[in-house]
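The values are calculated or read from the model by the stated rules, or taken from the named source; none is laboratory data. Just so it is clear, the model here is predicted, and its values are computed rather than measured. Note that each Cβ is placed from the backbone with ideal geometry, even for glycine, and that neighbours are counted across all protein chains shown.
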């Protein structure tokens, strides 16, 4: 499978499939396809994602999660677009290499790639709401394991970091686009005496510890 | 008349008109103009009262176009991110531009509209309007996002997303269909709307589906 980014304002990805090659994409992302390209339905179950797991994700509030992908089978060209601005990147994953990509950014992936939706991190609201509850925010991700090529799109530009073992960095909760599975992701809180005295809530941030690749996007 | 596209992300089309030269566009697209520019309306009544009511009350198209007369300069924008293209139309050549994509056209271009039928399934696509422009003259249009151009040979077909078509030669046919997602009843239930375009001619696709823009957003 060959994948190329085309355009600059709202880039699309052009995938070239040889005979029998398959690429999976979320439903509704197709921009155009050549007629020889066949369209099938690929259930999450066939990818090894159980219905129980998906229902659990839905219960936590991941409304974007679908029960199937659209599968496109070559030969021919098929193009996808997420209908938004931001960089499109094509990333070949080596065998066993795993990337956790925040949900809503995956465009398509080669059939050989293992896909699994997951919760990357979670944190409760800093203060109780009117009902005395502290609602939990879940950060969902698509876990993708090679071998295979994946294509994803950020909000704005992508900044890439390679963390050494034990090396740490901190990102805004919304700014983390992806991290390798070897990167430890923990929610931390930023709070200063000035914030506390003025009644301002502490700010949740992500504390990342290497080793591994971290991708941050600028337009979150 | 001269047209110059300025800017990349949300570009404007800056036109310079000689004395008496006229252009028209949809209302609300002007960004700025020379005070010497004259302004008027071009009423759209082709097809009679019933066709006009269908276009305006059902289709959401305007009753009239705005007309600007030189001398002077006037700039237009669709106020959204996307490429702008300027096209010279030969005499007698016709092209179709998707609704709310035309930026401006010289008064020598004949303007008409037509409706591309949807699949008609409940809860599915209901179709969309296109502007038919017949030369000679110059016009400009703006896509949502980037614009991709393809040339189709006689009988060559391509399947595209419903919102992807921004412009085509009038010789290219377009029809809506439901693309099943796999086999069986479930595959049909999950089918999505697409367009099949067939050559000969050129088609221009846009990388953002206008229907997926934020509600209340421009354009």
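Brief remarks follow.
- Matching residues in segment A:69-87 - criterion: being at the interface with chain B (Cβ under 10 Å from one of its Cβ atoms), over 21 Å from residue A:155 (Cβ atoms) and either assigned to a loop (DSSP other than H, G, I, E, B) or within 16 Å of the chain's Cα centre (by Cα) (or both): A:69
- Matching residues, segment A:1-56, being within 9 Å of chain B (Cβ to nearest Cβ), more than 20 Å from the chain's Cα centre (by Cα), outside any strand (DSSP E or B) and modelled with pLDDT of 90 or more: A:34, A:35, A:37
- Whichever residue in segment B:154-179 is at the interface with another protein chain (Cβ under 7 Å from one of its Cβ atoms) and touching a residue at least 24 places away in the same chain (Cβ under 8 Å) and, among such residues, is surrounded by the fewest Cβ atoms within 10 Å (Cβ to Cβ): B:157
- Scope segment B:185-197; condition modelled with pLDDT of 95 or more and more than 10 Å from every other protein chain (Cβ to nearest Cβ); matching residues: none
- Some residue of segment A:93-111 being within 14 Å of chain B (Cβ to nearest Cβ), at pLDDT 90 or above and touching a strand residue (DSSP E or B) at 6+ places or on another chain (Cβ under 8 Å): yes
- Restricted to segment B:10-68, the set of strands (runs of 3 or more DSSP E) holding at least 1 residues that are loosely packed, with under 15 Cβ neighbours inside 10 Å comprises B:30-33, B:38-43.
- Residue that is surrounded by the fewest Cβ atoms within 10 Å (Cβ to Cβ), among those in segment B:123-138 that are within 11 Å of the chain's Cα centre (by Cα) and within 24 Å of residue B:11 (Cβ to Cβ): B:129
This table checks each residue for (1) assigned to a strand (DSSP E or B); (2) in contact with a helix residue (DSSP H, G or I) (Cβ under 8 Å, 6 or more places away or on another chain); (3) free of Cβ contacts under 8 Å to residues at least 40 places away in the same chain.
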| residue | (1), (2), (3) |
| --- | --- |
| B:111 | yes, no, no |
| B:120 | no, no, yes |
| B:130 | yes, no, yes |
| B:139 | yes, no, no |
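- Candidates B:86, B:5: the one that is within 14 Å of the chain's Cα centre (by Cα), surrounded by fewer than 17 Cβ atoms within 10 Å (Cβ to Cβ), at pLDDT 90 or above and closer than 25 Å to residue B:147 by Cβ is B:86.
- When B:70, B:59, B:38, B:47 are checked against the criterion of being within 27 Å of residue B:163 (Cα to Cα) and either within 14 Å of chain A (Cβ to nearest Cβ) or in contact with a strand residue (DSSP E or B) (Cβ under 6 Å, 6 or more places away or on another chain) (or both), B:59 stands alone in meeting it.
- Residue within segment A:46-68 that is touching a residue at least 12 places away in the same chain (Cβ under 8 Å), buried (at least 19 other Cβ atoms within 10 Å of the Cβ) and under 12 Å from residue A:108 (Cβ atoms) present: no
- Filter result for residue B:145 (surrounded by 18 or more Cβ atoms within 10 Å (Cβ to Cβ), in contact (Cβ under 8 Å) with a residue 12 or more places away in the chain and facing chain A (nearest Cβ under 9 Å)): yes
- When we screen A:186, A:213, A:168 for residues that are within 17 Å of residue A:97 (Cβ to Cβ) and at pLDDT 90 or above, the only hit is A:213.
- Hey, residue B:111 on the phi < 0 side of the Ramachandran plot, touching a strand residue (DSSP E or B) at 6+ places or on another chain (Cβ under 7 Å), crowded, with 21+ Cβ neighbours inside 10 Å and modelled with pLDDT of 90 or more or not: no
- Single unsatisfied condition, residue B:206 versus (1) over 23 Å from residue B:11 (Cα atoms); (2) within 9 Å of chain A (Cβ to nearest Cβ); (3) in contact with a strand residue (DSSP E or B) (Cβ under 7 Å, 6 or more places away or on another chain): (1)
- For the condition surrounded by fewer than 21 Cβ atoms within 10 Å (Cβ to Cβ), without any contact (Cβ under 8 Å) to a residue 60 or more places away in the chain, assigned to a loop (DSSP other than H, G, I, E, B) and within 11 Å of chain A (Cβ to nearest Cβ), residue B:182 qualifies.
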